[in-house]
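Student: Structure below; questions to follow.
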Amino acid sequence: MTVQLRGRAEAITIQWIPKYTLLERVGHWLHTASFVPLAITGMVLYFPFLQPLAQGAAGEFFRLVHRAAAVIFGVLPVIYFIFQPRRFIMNIREFLPSKEDIGWLRGAPAYYLFGRHEAMPPQGRFNAGEKLNGLVMIIAWVIFGITGLLMWFGKGIASPELFRWAVLLHDLAMIASVCMFLVHLYLAVAHPLMWAALVSMRFGVTSAEYAAEHHAKWYYGPKRAMEIYEARKREAARSGH
Amino acid sequence: MARLAMLIDESQCTACRGCQVACKQWNDREGWLYSRTRNWGSYENPPDLSPQTWTRIKFTEYEGPDGFHWLFLKEGCMHCGNPACVAVCPTGALKQQSNGLVTLEPELCNGCGYCTQFCPFHIPRLETDVLTGQGKSSKCTFCQDRVTNGLLPACVKTCPAKALDFGDREEMVAKGLARVEALKARGFTQANLYGLNEVGGLGRLYVLVAPPEAYGLPANPQYPALASFWQKIVQPLGSVAFGATIVGILGAFLITRRNIRMEEVR
(Lines give C-alpha, C1' and ligand atoms only; values in the text may rest on other atoms or scores of the structure.)
Protein backbone atom coordinates (compact mmCIF):
# COMPACT_ATOMS: atom_id res chain seq x y z
CA MET A 1 0.00 0.00 0.00
CA THR A 2 1.46 3.36 -0.99
CA VAL A 3 0.12 6.66 0.28
CA GLN A 4 1.19 10.09 -0.90
CA LEU A 5 1.20 12.86 1.66
CA ARG A 6 1.53 16.42 0.41
CA GLY A 7 3.17 18.63 2.99
CA ARG A 8 4.24 22.25 2.63
CA ALA A 9 7.77 21.58 1.46
CA GLU A 10 7.53 18.52 -0.73
CA ALA A 11 5.45 15.50 -1.43
CA ILE A 12 6.58 12.41 0.47
CA THR A 13 5.68 8.89 -0.41
CA ILE A 14 5.22 6.36 2.34
CA GLN A 15 5.11 2.69 1.59
CA TRP A 16 3.18 0.73 4.20
CA ILE A 17 3.78 -2.89 5.10
CA PRO A 18 1.51 -4.99 7.33
CA LYS A 19 2.52 -5.58 10.95
CA TYR A 20 -0.55 -6.55 13.01
CA THR A 21 -3.79 -8.36 12.26
CA LEU A 22 -7.16 -6.80 13.06
CA LEU A 23 -7.63 -9.24 15.94
CA GLU A 24 -4.24 -8.29 17.35
CA ARG A 25 -5.08 -4.59 17.27
CA VAL A 26 -8.57 -4.97 18.73
CA GLY A 27 -7.09 -7.35 21.32
CA HIS A 28 -4.36 -4.85 22.18
CA TRP A 29 -6.83 -2.04 22.80
CA LEU A 30 -9.25 -4.23 24.75
CA HIS A 31 -6.25 -5.36 26.79
CA THR A 32 -5.50 -1.69 27.48
CA ALA A 33 -9.14 -0.98 28.23
CA SER A 34 -9.17 -3.76 30.83
CA PHE A 35 -5.64 -3.29 32.21
CA VAL A 36 -6.09 0.38 33.13
CA PRO A 37 -9.32 -0.08 35.15
CA LEU A 38 -7.82 -3.21 36.72
CA ALA A 39 -4.76 -1.26 37.86
CA ILE A 40 -6.82 1.65 39.18
CA THR A 41 -9.39 -0.46 41.03
CA GLY A 42 -6.68 -2.74 42.37
CA MET A 43 -4.68 0.14 43.77
CA VAL A 44 -7.67 1.09 45.90
CA LEU A 45 -6.80 -1.92 48.05
CA TYR A 46 -3.05 -1.32 47.64
CA PHE A 47 -2.33 2.27 48.66
CA PRO A 48 -3.18 3.09 52.28
CA PHE A 49 -3.95 6.70 51.33
CA LEU A 50 -6.78 5.47 49.07
CA GLN A 51 -8.45 3.79 52.07
CA PRO A 52 -11.60 5.97 51.93
CA LEU A 53 -12.29 4.60 48.42
CA ALA A 54 -11.94 1.03 49.67
CA GLN A 55 -14.57 1.40 52.37
CA GLY A 56 -18.07 -0.03 52.28
CA ALA A 57 -20.16 0.40 49.12
CA ALA A 58 -17.39 2.22 47.21
CA GLY A 59 -14.99 -0.62 47.91
CA GLU A 60 -17.57 -3.20 46.88
CA PHE A 61 -18.11 -1.30 43.61
CA PHE A 62 -14.38 -1.18 42.83
CA ARG A 63 -14.02 -4.87 43.62
CA LEU A 64 -16.90 -5.63 41.24
CA VAL A 65 -15.33 -3.54 38.45
CA HIS A 66 -12.03 -5.31 39.10
CA ARG A 67 -13.65 -8.69 38.55
CA ALA A 68 -15.57 -7.64 35.44
CA ALA A 69 -12.41 -6.18 33.87
CA ALA A 70 -10.46 -9.26 34.97
CA VAL A 71 -12.72 -11.47 32.88
CA ILE A 72 -11.92 -9.43 29.74
CA PHE A 73 -8.23 -9.30 30.63
CA GLY A 74 -8.09 -13.04 31.18
CA VAL A 75 -10.13 -14.13 28.15
CA LEU A 76 -8.43 -11.99 25.46
CA PRO A 77 -5.27 -14.10 24.98
CA VAL A 78 -7.42 -17.22 24.93
CA ILE A 79 -9.56 -15.80 22.12
CA TYR A 80 -6.40 -14.77 20.27
CA PHE A 81 -4.99 -18.27 20.63
CA ILE A 82 -8.21 -19.88 19.40
CA PHE A 83 -8.59 -17.71 16.30
CA GLN A 84 -4.97 -17.07 15.33
CA PRO A 85 -2.86 -19.80 16.94
CA ARG A 86 -0.01 -19.42 14.42
CA ARG A 87 0.28 -15.69 15.01
CA PHE A 88 0.01 -16.29 18.78
CA ILE A 89 2.91 -18.75 18.80
CA MET A 90 4.94 -16.66 16.33
CA ASN A 91 4.61 -13.59 18.54
CA ILE A 92 5.53 -15.43 21.72
CA ARG A 93 8.60 -16.84 19.94
CA GLU A 94 9.62 -13.34 18.90
CA PHE A 95 9.31 -12.16 22.50
CA LEU A 96 11.81 -14.73 23.75
CA PRO A 97 15.15 -13.25 24.82
CA SER A 98 18.27 -13.75 22.70
CA LYS A 99 21.97 -12.93 23.00
CA GLU A 100 21.62 -9.87 20.79
CA ASP A 101 19.38 -8.17 23.35
CA ILE A 102 22.56 -7.12 25.18
CA GLY A 103 23.41 -4.98 22.16
CA TRP A 104 20.08 -3.22 22.49
CA LEU A 105 20.71 -2.60 26.18
CA ARG A 106 24.11 -1.07 25.40
CA GLY A 107 22.78 1.11 22.63
CA ALA A 108 19.49 2.08 24.29
CA PRO A 109 20.56 5.31 26.11
CA ALA A 110 22.25 6.79 23.04
CA TYR A 111 19.40 5.68 20.81
CA TYR A 112 16.41 6.67 22.93
CA LEU A 113 17.80 9.79 24.64
CA PHE A 114 20.03 11.24 21.90
CA GLY A 115 18.56 9.74 18.73
CA ARG A 116 21.86 8.18 17.60
CA HIS A 117 20.64 5.51 15.22
CA GLU A 118 24.11 4.07 14.58
CA ALA A 119 24.40 3.10 18.27
CA MET A 120 21.58 0.58 17.93
CA PRO A 121 22.37 -2.81 16.38
CA PRO A 122 19.70 -4.11 13.97
CA GLN A 123 16.54 -5.27 15.72
CA GLY A 124 13.90 -7.82 14.78
CA ARG A 125 10.16 -7.29 14.39
CA PHE A 126 10.20 -6.41 18.08
CA ASN A 127 13.25 -4.73 19.54
CA ALA A 128 14.59 -5.96 22.86
CA GLY A 129 12.66 -3.31 24.79
CA GLU A 130 9.41 -4.32 23.15
CA LYS A 131 10.27 -7.92 23.85
CA LEU A 132 10.80 -7.11 27.50
CA ASN A 133 7.43 -5.37 27.61
CA GLY A 134 5.78 -8.34 25.96
CA LEU A 135 7.43 -10.87 28.25
CA VAL A 136 6.61 -8.95 31.44
CA MET A 137 2.97 -8.69 30.32
CA ILE A 138 2.77 -12.39 29.44
CA ILE A 139 4.31 -13.51 32.75
CA ALA A 140 2.16 -11.02 34.66
CA TRP A 141 -0.93 -12.32 32.84
CA VAL A 142 -0.14 -15.86 33.96
CA ILE A 143 0.51 -14.79 37.57
CA PHE A 144 -2.56 -12.53 37.65
CA GLY A 145 -4.65 -15.36 36.27
CA ILE A 146 -3.54 -18.07 38.68
CA THR A 147 -3.45 -15.90 41.81
CA GLY A 148 -6.58 -13.98 40.83
CA LEU A 149 -8.66 -17.12 40.32
CA LEU A 150 -7.29 -18.47 43.59
CA MET A 151 -8.34 -15.35 45.48
CA TRP A 152 -11.69 -15.21 43.69
CA PHE A 153 -12.81 -18.81 44.09
CA GLY A 154 -10.24 -20.34 46.44
CA LYS A 155 -11.30 -18.83 49.77
CA GLY A 156 -12.12 -21.69 52.08
CA ILE A 157 -10.95 -24.26 49.51
CA ALA A 158 -7.26 -23.48 49.18
CA SER A 159 -5.14 -23.19 52.30
CA PRO A 160 -4.78 -19.69 53.82
CA GLU A 161 -1.01 -19.91 53.29
CA LEU A 162 -1.60 -20.30 49.56
CA PHE A 163 -3.97 -17.33 49.59
CA ARG A 164 -1.32 -15.21 51.33
CA TRP A 165 1.21 -16.11 48.63
CA ALA A 166 -1.38 -15.27 46.00
CA VAL A 167 -1.94 -11.78 47.43
CA LEU A 168 1.81 -11.19 47.51
CA LEU A 169 2.45 -12.47 43.97
CA HIS A 170 -0.56 -10.54 42.62
CA ASP A 171 1.00 -7.37 44.04
CA LEU A 172 4.44 -8.17 42.61
CA ALA A 173 2.95 -8.82 39.17
CA MET A 174 1.04 -5.55 39.47
CA ILE A 175 4.16 -3.56 40.40
CA ALA A 176 6.17 -5.00 37.50
CA SER A 177 3.42 -4.67 34.91
CA VAL A 178 2.33 -1.15 35.91
CA CYS A 179 5.94 0.11 35.73
CA MET A 180 6.28 -1.58 32.34
CA PHE A 181 2.96 -0.10 31.23
CA LEU A 182 4.06 3.44 32.15
CA VAL A 183 7.26 3.10 30.11
CA HIS A 184 5.31 1.53 27.23
CA LEU A 185 2.79 4.39 27.33
CA TYR A 186 5.53 7.04 27.29
CA LEU A 187 7.39 5.44 24.39
CA ALA A 188 4.26 4.93 22.31
CA VAL A 189 2.68 8.32 22.92
CA ALA A 190 5.48 10.79 23.55
CA HIS A 191 8.77 9.48 22.14
CA PRO A 192 9.60 11.05 18.76
CA LEU A 193 11.40 7.96 17.41
CA MET A 194 8.45 5.71 18.13
CA TRP A 195 5.88 7.50 16.02
CA ALA A 196 5.23 4.40 13.93
CA ALA A 197 4.14 2.37 16.97
CA LEU A 198 0.76 4.04 17.42
CA VAL A 199 0.16 4.04 13.66
CA SER A 200 0.75 0.31 13.40
CA MET A 201 -1.38 -0.44 16.46
CA ARG A 202 -4.21 1.62 14.99
CA PHE A 203 -4.04 0.66 11.33
CA GLY A 204 -2.04 -2.57 11.37
CA VAL A 205 0.70 -1.26 9.09
CA THR A 206 4.11 0.28 9.51
CA SER A 207 6.17 2.43 7.17
CA ALA A 208 8.63 0.37 5.13
CA GLU A 209 11.28 3.02 5.60
CA TYR A 210 10.68 3.03 9.35
CA ALA A 211 10.89 -0.75 9.48
CA ALA A 212 14.17 -0.70 7.52
CA GLU A 213 15.63 1.83 9.94
CA HIS A 214 14.36 0.50 13.29
CA HIS A 215 13.57 -3.17 12.66
CA ALA A 216 16.25 -3.99 10.11
CA LYS A 217 16.52 -7.68 11.00
CA TRP A 218 12.82 -8.06 10.28
CA TYR A 219 12.90 -5.96 7.10
CA TYR A 220 16.12 -7.19 5.49
CA GLY A 221 16.65 -10.48 7.32
CA PRO A 222 19.39 -10.95 9.94
CA LYS A 223 22.35 -11.37 7.55
CA ARG A 224 21.70 -8.43 5.27
CA ALA A 225 20.79 -6.26 8.27
CA MET A 226 24.15 -6.93 9.89
CA GLU A 227 25.98 -6.16 6.65
CA ILE A 228 24.25 -2.81 6.34
CA TYR A 229 24.90 -2.06 10.02
CA GLU A 230 28.61 -2.89 9.75
CA ALA A 231 28.99 -0.90 6.54
CA ARG A 232 27.36 2.09 8.22
CA LYS A 233 29.65 1.82 11.19
CA ARG A 234 32.72 1.75 8.92
CA GLU A 235 31.35 4.75 7.05
CA ALA A 236 30.88 6.65 10.30
CA ALA A 237 34.39 5.74 11.48
CA ARG A 238 35.92 6.94 8.19
CA SER A 239 34.17 10.28 8.24
CA GLY A 240 35.61 10.86 11.71
CA HIS A 241 32.63 10.46 14.03
CA MET B 1 -6.81 2.35 78.96
CA ALA B 2 -6.08 -1.00 80.49
CA ARG B 3 -6.36 -3.95 78.15
CA LEU B 4 -9.45 -6.09 78.64
CA ALA B 5 -9.61 -9.84 78.26
CA MET B 6 -11.96 -12.79 78.58
CA LEU B 7 -10.94 -15.70 80.77
CA ILE B 8 -12.48 -18.97 79.68
CA ASP B 9 -12.13 -21.80 82.17
CA GLU B 10 -12.69 -24.88 80.05
CA SER B 11 -12.56 -27.06 83.17
CA GLN B 12 -15.81 -25.43 84.28
CA CYS B 13 -17.61 -25.45 80.94
CA THR B 14 -20.53 -27.89 80.73
CA ALA B 15 -21.16 -27.23 77.03
CA CYS B 16 -24.67 -25.96 77.71
CA ARG B 17 -24.12 -23.51 74.85
CA GLY B 18 -25.96 -20.73 76.61
CA CYS B 19 -23.16 -18.47 75.34
CA GLN B 20 -24.00 -19.34 71.73
CA VAL B 21 -27.63 -18.41 72.25
CA ALA B 22 -26.89 -15.22 74.17
CA CYS B 23 -24.40 -14.17 71.48
CA LYS B 24 -26.93 -14.62 68.70
CA GLN B 25 -29.64 -12.92 70.69
CA TRP B 26 -27.60 -9.83 71.56
CA ASN B 27 -25.79 -9.50 68.23
CA ASP B 28 -28.87 -10.24 66.07
CA ARG B 29 -27.40 -13.32 64.42
CA GLU B 30 -29.62 -15.77 62.57
CA GLY B 31 -29.92 -19.23 64.05
CA TRP B 32 -30.23 -21.31 60.94
CA LEU B 33 -28.77 -19.44 58.01
CA TYR B 34 -25.60 -21.46 57.44
CA SER B 35 -26.40 -24.81 58.96
CA ARG B 36 -29.77 -26.19 59.88
CA THR B 37 -29.74 -28.20 63.06
CA ARG B 38 -29.56 -31.86 62.18
CA ASN B 39 -28.19 -34.98 63.72
CA TRP B 40 -24.70 -35.43 62.36
CA GLY B 41 -23.43 -37.78 65.01
CA SER B 42 -22.31 -35.24 67.57
CA TYR B 43 -23.83 -33.05 70.27
CA GLU B 44 -21.69 -30.30 68.73
CA ASN B 45 -23.93 -27.79 66.99
CA PRO B 46 -23.61 -25.88 64.71
CA PRO B 47 -20.71 -27.68 63.02
CA ASP B 48 -18.58 -24.58 62.50
CA LEU B 49 -18.29 -20.87 63.14
CA SER B 50 -20.03 -18.80 60.49
CA PRO B 51 -20.89 -15.17 59.76
CA GLN B 52 -23.96 -15.84 61.91
CA THR B 53 -22.21 -17.85 64.62
CA TRP B 54 -19.50 -15.82 66.32
CA THR B 55 -18.94 -18.25 69.14
CA ARG B 56 -19.64 -21.92 69.61
CA ILE B 57 -18.57 -24.80 71.77
CA LYS B 58 -16.29 -27.23 69.99
CA PHE B 59 -16.46 -30.82 71.25
CA THR B 60 -13.38 -33.04 71.21
CA GLU B 61 -13.24 -36.65 72.34
CA TYR B 62 -9.94 -36.94 74.16
CA GLU B 63 -8.14 -39.97 75.49
CA GLY B 64 -5.90 -38.48 78.20
CA PRO B 65 -3.51 -40.06 80.72
CA ASP B 66 -6.43 -40.40 83.13
CA GLY B 67 -8.89 -41.86 80.66
CA PHE B 68 -11.58 -40.51 78.35
CA HIS B 69 -12.53 -36.84 78.48
CA TRP B 70 -14.82 -34.63 76.52
CA LEU B 71 -12.95 -31.40 75.87
CA PHE B 72 -15.06 -28.29 75.36
CA LEU B 73 -13.62 -25.22 73.68
CA LYS B 74 -15.51 -21.94 73.40
CA GLU B 75 -14.35 -20.85 69.96
CA GLY B 76 -14.33 -17.23 68.85
CA CYS B 77 -12.12 -14.25 68.09
CA MET B 78 -8.93 -14.21 70.16
CA HIS B 79 -8.58 -10.40 70.13
CA CYS B 80 -4.81 -10.76 69.60
CA GLY B 81 -2.43 -8.21 71.02
CA ASN B 82 -0.86 -8.05 67.56
CA PRO B 83 -3.85 -8.63 65.25
CA ALA B 84 -2.92 -9.57 61.67
CA CYS B 85 -6.50 -8.95 60.52
CA VAL B 86 -6.26 -5.28 61.50
CA ALA B 87 -2.94 -4.93 59.68
CA VAL B 88 -4.16 -6.44 56.41
CA CYS B 89 -7.63 -4.82 56.40
CA PRO B 90 -7.52 -2.28 53.52
CA THR B 91 -10.64 -0.45 54.70
CA GLY B 92 -10.00 0.22 58.38
CA ALA B 93 -13.17 -1.71 59.23
CA LEU B 94 -11.13 -3.84 61.62
CA LYS B 95 -9.62 -1.84 64.44
CA GLN B 96 -7.78 -2.50 67.64
CA GLN B 97 -9.35 -0.31 70.30
CA SER B 98 -7.35 1.25 73.12
CA ASN B 99 -8.92 -1.27 75.51
CA GLY B 100 -7.57 -4.14 73.39
CA LEU B 101 -10.85 -5.11 71.72
CA VAL B 102 -10.46 -5.99 68.04
CA THR B 103 -13.66 -4.63 66.53
CA LEU B 104 -15.23 -4.80 63.09
CA GLU B 105 -17.37 -2.05 61.60
CA PRO B 106 -19.63 -3.72 59.00
CA GLU B 107 -20.40 -0.40 57.23
CA LEU B 108 -16.72 0.02 56.30
CA CYS B 109 -16.08 -3.61 55.29
CA ASN B 110 -16.05 -4.25 51.52
CA GLY B 111 -15.89 -8.03 51.75
CA CYS B 112 -12.34 -8.51 50.41
CA GLY B 113 -11.79 -11.36 52.88
CA TYR B 114 -8.10 -10.71 53.62
CA CYS B 115 -8.86 -10.98 57.37
CA THR B 116 -10.33 -14.45 56.89
CA GLN B 117 -7.10 -15.64 55.25
CA PHE B 118 -4.50 -13.90 57.41
CA CYS B 119 -5.98 -14.72 60.83
CA PRO B 120 -3.65 -17.22 62.57
CA PHE B 121 -6.72 -18.80 64.21
CA HIS B 122 -9.05 -18.85 61.15
CA ILE B 123 -11.78 -16.92 62.95
CA PRO B 124 -13.36 -14.17 60.77
CA ARG B 125 -15.93 -15.53 58.36
CA LEU B 126 -17.13 -14.04 55.10
CA GLU B 127 -20.78 -13.71 54.18
CA THR B 128 -20.27 -13.38 50.45
CA ASP B 129 -21.50 -13.94 46.95
CA VAL B 130 -18.71 -16.02 45.42
CA LEU B 131 -19.20 -14.65 41.90
CA THR B 132 -19.45 -10.91 42.59
CA GLY B 133 -17.50 -10.91 45.84
CA GLN B 134 -20.05 -8.61 47.44
CA GLY B 135 -20.38 -9.27 51.14
CA LYS B 136 -19.17 -8.63 54.65
CA SER B 137 -16.76 -10.21 57.03
CA SER B 138 -17.84 -10.74 60.61
CA LYS B 139 -16.59 -12.04 63.91
CA CYS B 140 -16.90 -11.69 67.68
CA THR B 141 -16.31 -8.12 68.88
CA PHE B 142 -16.45 -8.94 72.62
CA CYS B 143 -19.82 -7.11 72.52
CA GLN B 144 -18.09 -3.76 72.07
CA ASP B 145 -21.40 -1.94 72.57
CA ARG B 146 -22.01 -3.62 75.93
CA VAL B 147 -18.43 -3.44 77.16
CA THR B 148 -17.98 0.27 76.42
CA ASN B 149 -21.15 0.88 78.43
CA GLY B 150 -19.88 -0.99 81.46
CA LEU B 151 -21.71 -4.26 80.82
CA LEU B 152 -20.23 -7.74 80.44
CA PRO B 153 -20.19 -9.44 77.01
CA ALA B 154 -23.47 -11.32 76.46
CA CYS B 155 -21.81 -14.75 76.66
CA VAL B 156 -20.07 -13.95 79.95
CA LYS B 157 -23.26 -12.53 81.43
CA THR B 158 -25.23 -15.64 80.61
CA CYS B 159 -22.75 -18.43 81.49
CA PRO B 160 -24.44 -20.49 84.26
CA ALA B 161 -21.32 -22.52 85.01
CA LYS B 162 -19.27 -19.39 85.76
CA ALA B 163 -16.71 -20.64 83.24
CA LEU B 164 -16.47 -17.19 81.68
CA ASP B 165 -14.98 -14.08 83.20
CA PHE B 166 -14.20 -10.72 81.70
CA GLY B 167 -12.19 -7.70 82.83
CA ASP B 168 -8.75 -6.18 83.15
CA ARG B 169 -6.33 -8.49 81.33
CA GLU B 170 -3.71 -8.57 84.07
CA GLU B 171 -6.36 -9.54 86.58
CA MET B 172 -7.64 -12.25 84.22
CA VAL B 173 -4.09 -13.59 83.72
CA ALA B 174 -3.58 -13.75 87.51
CA LYS B 175 -6.91 -15.54 87.96
CA GLY B 176 -6.10 -17.95 85.15
CA LEU B 177 -2.67 -18.82 86.51
CA ALA B 178 -4.12 -19.35 89.99
CA ARG B 179 -6.81 -21.59 88.50
CA VAL B 180 -4.20 -23.64 86.63
CA GLU B 181 -2.27 -24.16 89.89
CA ALA B 182 -5.48 -25.20 91.68
CA LEU B 183 -6.30 -27.66 88.90
CA LYS B 184 -2.80 -29.11 88.98
CA ALA B 185 -3.09 -29.56 92.76
CA ARG B 186 -6.32 -31.47 92.14
CA GLY B 187 -4.60 -33.86 89.73
CA PHE B 188 -5.10 -32.19 86.37
CA THR B 189 -1.40 -32.50 85.56
CA GLN B 190 -1.78 -31.14 82.02
CA ALA B 191 -3.61 -27.96 83.06
CA ASN B 192 -2.27 -24.84 81.35
CA LEU B 193 -3.12 -21.25 80.49
CA TYR B 194 -3.33 -20.55 76.75
CA GLY B 195 -2.93 -17.07 75.31
CA LEU B 196 -0.49 -15.48 77.69
CA ASN B 197 2.12 -14.52 75.08
CA GLU B 198 0.76 -15.90 71.80
CA VAL B 199 0.55 -13.33 68.93
CA GLY B 200 1.17 -10.39 71.22
CA GLY B 201 -0.83 -11.95 74.06
CA LEU B 202 -4.43 -13.00 73.41
CA GLY B 203 -7.47 -11.14 74.67
CA ARG B 204 -9.10 -14.54 75.05
CA LEU B 205 -7.35 -16.60 77.72
CA TYR B 206 -8.10 -20.26 78.08
CA VAL B 207 -7.63 -22.41 81.14
CA LEU B 208 -7.19 -25.83 79.54
CA VAL B 209 -6.98 -29.28 81.16
CA ALA B 210 -5.14 -30.87 78.21
CA PRO B 211 -2.46 -29.62 75.79
CA PRO B 212 -3.74 -26.93 73.36
CA GLU B 213 -3.33 -29.29 70.39
CA ALA B 214 -5.82 -31.68 71.97
CA TYR B 215 -8.43 -28.92 71.73
CA GLY B 216 -7.45 -28.18 68.12
CA LEU B 217 -5.74 -24.94 69.12
CA PRO B 218 -2.44 -24.16 67.36
CA ALA B 219 0.38 -24.95 69.80
CA ASN B 220 2.51 -22.09 68.56
CA PRO B 221 0.36 -19.60 66.62
CA GLN B 222 2.35 -17.04 64.67
CA TYR B 223 1.62 -13.66 63.19
CA PRO B 224 1.74 -14.56 59.47
CA ALA B 225 5.24 -13.80 58.19
CA LEU B 226 3.96 -13.18 54.68
CA ALA B 227 1.71 -10.38 55.96
CA SER B 228 4.73 -8.54 57.35
CA PHE B 229 6.78 -9.14 54.21
CA TRP B 230 3.92 -8.04 51.98
CA GLN B 231 2.97 -4.91 53.87
CA LYS B 232 6.28 -3.73 55.30
CA ILE B 233 8.57 -4.52 52.34
CA VAL B 234 6.73 -5.25 49.09
CA GLN B 235 4.15 -2.46 49.26
CA PRO B 236 6.63 0.35 50.09
CA LEU B 237 9.06 -1.02 47.47
CA GLY B 238 6.23 -0.96 44.94
CA SER B 239 5.59 2.71 45.65
CA VAL B 240 9.30 3.43 45.26
CA ALA B 241 9.29 1.55 41.94
CA PHE B 242 6.32 3.61 40.66
CA GLY B 243 8.00 6.84 41.74
CA ALA B 244 11.32 5.89 40.16
CA THR B 245 9.60 4.90 36.91
CA ILE B 246 7.69 8.17 36.68
CA VAL B 247 10.77 10.26 37.50
CA GLY B 248 12.79 8.25 34.98
CA ILE B 249 10.20 8.80 32.26
CA LEU B 250 10.01 12.55 32.95
CA GLY B 251 13.81 12.78 32.85
CA ALA B 252 13.98 10.78 29.62
CA PHE B 253 11.25 12.96 28.14
CA LEU B 254 13.16 16.18 28.92
CA ILE B 255 16.50 14.87 27.62
CA THR B 256 14.88 13.40 24.50
CA ARG B 257 13.04 16.64 23.75
CA ARG B 258 16.31 18.54 23.64
CA ASN B 259 18.08 16.03 21.43
CA ILE B 260 15.59 14.55 19.01
CA ARG B 261 13.18 16.55 16.92
CA MET B 262 10.19 14.93 15.31
CA GLU B 263 11.05 16.47 11.88
CA GLU B 264 14.38 14.74 11.73
CA VAL B 265 12.84 11.34 12.12
CA ARG B 266 12.45 9.33 9.00
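Student: Can you tell me which of (1) out of contact with any helix residue (DSSP H, G or I) (no Cβ under 6 Å at 6 or more places or on another chain); (2) open to solvent by less than 50 Å² (accessible area, probe 1.4 Å); (3) under 21 Å from A:GLY74 (Cα atoms); (4) within 14 Å of another protein chain (Cβ to nearest Cβ) is the one A:VAL136 doesn't meet?
Tutor: Looking at each condition in turn, A:VAL136 falls short on (1).
Student: Please enumerate the residues belonging to the range A:67-86 that are open to solvent by 50 Å² or more (accessible area, probe 1.4 Å) and within 14 Å of chain B (Cβ to nearest Cβ).
Tutor: A:ALA68, A:VAL71 - these are the residues of the range A:67-86 that are open to solvent by 50 Å² or more (accessible area, probe 1.4 Å) and within 14 Å of chain B (Cβ to nearest Cβ).
Student: Only one of A:LEU23, A:LEU38, A:LEU45 is touching a Phe, Trp or Tyr at 6+ places or on another chain (Cβ under 9 Å), over 30 Å from B:GLY92 (Cβ atoms) and open to solvent by less than 70 Å² (accessible area, probe 1.4 Å). Can you tell me which?
Tutor: Being touching a Phe, Trp or Tyr at 6+ places or on another chain (Cβ under 9 Å), over 30 Å from B:GLY92 (Cβ atoms) and open to solvent by less than 70 Å² (accessible area, probe 1.4 Å) holds for just one of A:LEU23, A:LEU38, A:LEU45, which is A:LEU23.
Student: With (1) in contact (Cβ under 8 Å) with a residue 40 or more places away in the chain; (2) more than 9 Å from chain A (Cβ to nearest Cβ); (3) in contact with a strand residue (DSSP E or B) (Cβ under 6 Å, 6 or more places away or on another chain) as the list, and B:LEU126 as the residue in question, which single condition is left unmet?
Tutor: Among (1) in contact (Cβ under 8 Å) with a residue 40 or more places away in the chain; (2) more than 9 Å from chain A (Cβ to nearest Cβ); (3) in contact with a strand residue (DSSP E or B) (Cβ under 6 Å, 6 or more places away or on another chain), B:LEU126 violates only (2).
Student: Given the options B:CYS80, B:CYS13, B:CYS85, name the one that is assigned to a helix (DSSP H, G or I) and at pLDDT 95 or above.
Tutor: Numbers: B:CYS80 fails: assigned to a helix (DSSP H, G or I); B:CYS13 fails: assigned to a helix (DSSP H, G or I).
Criteria check complete, one pass: B:CYS85.
Student: Shifting gears a bit: Do we have any residue at all in the range A:145-157 that's over 25 Å from A:VAL75 (Cβ atoms), hydrophobic (A, V, I, L, M, F, W, C) and modelled with pLDDT of 95 or more?
Tutor: Checked against the condition, which is being over 25 Å from A:VAL75 (Cβ atoms), hydrophobic (A, V, I, L, M, F, W, C) and modelled with pLDDT of 95 or more, the range A:145-157 yields no hits at all.
Student: On to the next question. Of the residues in the range A:145-182, how many are buried (at least 18 other Cβ atoms within 10 Å of the Cβ), touching a residue at least 24 places away in the same chain (Cβ under 8 Å) and at the interface with chain B (Cβ under 9 Å from one of its Cβ atoms)?
Tutor: Of the residues in the range A:145-182, 4 are buried (at least 18 other Cβ atoms within 10 Å of the Cβ), touching a residue at least 24 places away in the same chain (Cβ under 8 Å) and at the interface with chain B (Cβ under 9 Å from one of its Cβ atoms).
Student: Would you tally the residues in the range A:94-109 being loosely packed, with under 15 Cβ neighbours inside 10 Å and under 20 Å from B:GLY251 (Cα atoms)?
Tutor: From the range A:94-109, those loosely packed, with under 15 Cβ neighbours inside 10 Å are A:96-99, A:102, A:105-106, A:109; that's our starting set.
With under 20 Å from B:GLY251 (Cα atoms) added as a condition, the list becomes A:105-106, A:109.
Within the range A:94-109, residues that are loosely packed, with under 15 Cβ neighbours inside 10 Å and under 20 Å from B:GLY251 (Cα atoms) number 3.
Student: Take the range A:188-228 and flag every residue that is open to solvent by 40 Å² or more (accessible area, probe 1.4 Å) and either in a loop (DSSP other than H, G, I, E, B) or of a type outside the set (A, V, I, L, M, F, W, C) (or both).
Tutor: Result: A:ARG202, A:GLU209, A:LYS217, A:TYR219, A:TYR220, A:PRO222, A:LYS223, A:ARG224, A:GLU227.
Student: Residue check, A:GLU130 against (1) among the acidic types (Asp, Glu); (2) within 28 Å of A:THR41 (Cα to Cα); (3) touching a residue at least 60 places away in the same chain (Cβ under 8 Å), all met but one. Which one?
Tutor: Among (1) among the acidic types (Asp, Glu); (2) within 28 Å of A:THR41 (Cα to Cα); (3) touching a residue at least 60 places away in the same chain (Cβ under 8 Å), the lone unmet condition for A:GLU130 is (3).
Student: Within the range B:76-100, which residues are crowded, with 23+ Cβ neighbours inside 10 Å and either more than 11 Å from chain A (Cβ to nearest Cβ) or within 30 Å of B:VAL209 (Cα to Cα) (or both)?
Tutor: Listed by number, the residues that qualify are B:GLY76, B:CYS77, B:MET78, B:HIS79, B:CYS80, B:PRO83, B:ALA84, B:CYS85, B:LEU94.
Student: Also: Search the range B:174-197 for residues that are at pLDDT below 95 and pair each with any residue that is part of a loop (DSSP other than H, G, I, E, B) and surrounded by fewer than 14 Cβ atoms within 10 Å (Cβ to Cβ) when their beta-carbon atoms are under 9 Å apart and the residues are at least 6 apart or on different chains.
Tutor: These pairs meet every condition: B:GLY187/B:ASP66; B:PHE188/B:ASP66; B:THR189/B:PRO65; B:THR189/B:ASP66; B:GLN190/B:PRO65.
Student: Further, regarding this structure: Being out of contact with any Pro (no Cβ under 9 Å at 6 or more places or on another chain) and within 27 Å of B:GLY167 (Cα to Cα) is the filter; apply it to the range B:101-123 and report the residue that is farthest from the other protein chains (Cβ to nearest Cβ).
Tutor: Selected residue: B:LEU101.
The values are calculated or read from the model by the stated rules, or taken from the named source; none is laboratory data. Here the structure is a predicted model, which means the values were calculated and not measured. Methodologically, a virtual Cβ is constructed for each residue, glycine included, from the backbone with ideal geometry; neighbour enumeration extends over all protein chains shown. Just so you know, the surface numbers come from the protein's heavy atoms only, side chains and all, with ligands and any DNA or RNA stripped out. Shrake-Rupley method; radii C 1.70, N 1.55, O 1.52, S 1.80 Å.
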